[in-house]
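**Q** Attaching a single structure in structure tokens format; questions to follow.
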Amino acid sequence: MRIPSALTDTWRHEQDWLDTLPDLTRECAELWDLQLEEPVDTPHSLVIPAGEVVLKLSAPSHFEAEHEADALEAGEEWAQFASLPETTSGEPC
């Protein structure tokens with residue numbers, strides 16, 4: 001599995017995590033029966049498309065990703081909020 005160079009540059013201080021990525025990726029793909037494609041070149045997280053879903057693995061110290069799982073769980077409620085057509089002034093959201 002190819003790990004994007006931007007990712008390894010950004011997280012070089014997390015070498016243990018980078019070293020486990022191939023095995024962790026394989027384990028996740030097997031667990032969820034994913035057919036992984038090529039990773040997206042991003043420095044923030046390992047992002048790998050898999051058909052209609054995406055596998056995203058973040059470094060343990062990636063504090064900005066700390067609450068992403070909570071946000072995804074609340075996705076349906078957020079989608080309802082985000083799809084409000086206009087504000088009370090008539091402007092689009």
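**Q** Net charge near residue 51, counting Lys/Arg +1 and Asp/Glu -1 over other residues with Cβ under 11 Å of its Cβ? Please list the in-between numbers first.
**A** On the way: positive: none; negative: 33, 37, 52.
Result for the local shell: -3.
**Q** Oh, and also: Can you list, bin by bin at 10 Å, the percent of alpha carbon pairs in region 5-80, starting at 0?
**A** 17, 46, 32, 5, 0
**Q** So for region 5-80, taking the charge dipole from beta-carbon charges (+1 Lys/Arg, -1 Asp/Glu), which of 10, 67, 39 sits furthest toward the positive end?
**A** 10
**Q** Per 0.36 nm of contour for each residue apart, how much would the distance between residue 9 and residue 50 grow if the chain were fully extended, relative to their Cα-Cα spacing? If you can, show how the numbers build up before the last one.
**A** Working: separation 41, 0.36 × 41 = 14.76 nm, distance 2.42 nm.
Gain on stretching residue 9 to residue 50: 12.3 nm.
Every read-out reported here was derived from the displayed coordinates using simple, explicitly stated rules and does not represent laboratory data. Being a predicted model, the structure only gives us computed values, none of them experimental. Positions of Cβ are generated from backbone atoms using ideal geometry, with glycine treated the same way; all protein chains shown enter the neighbour counts.
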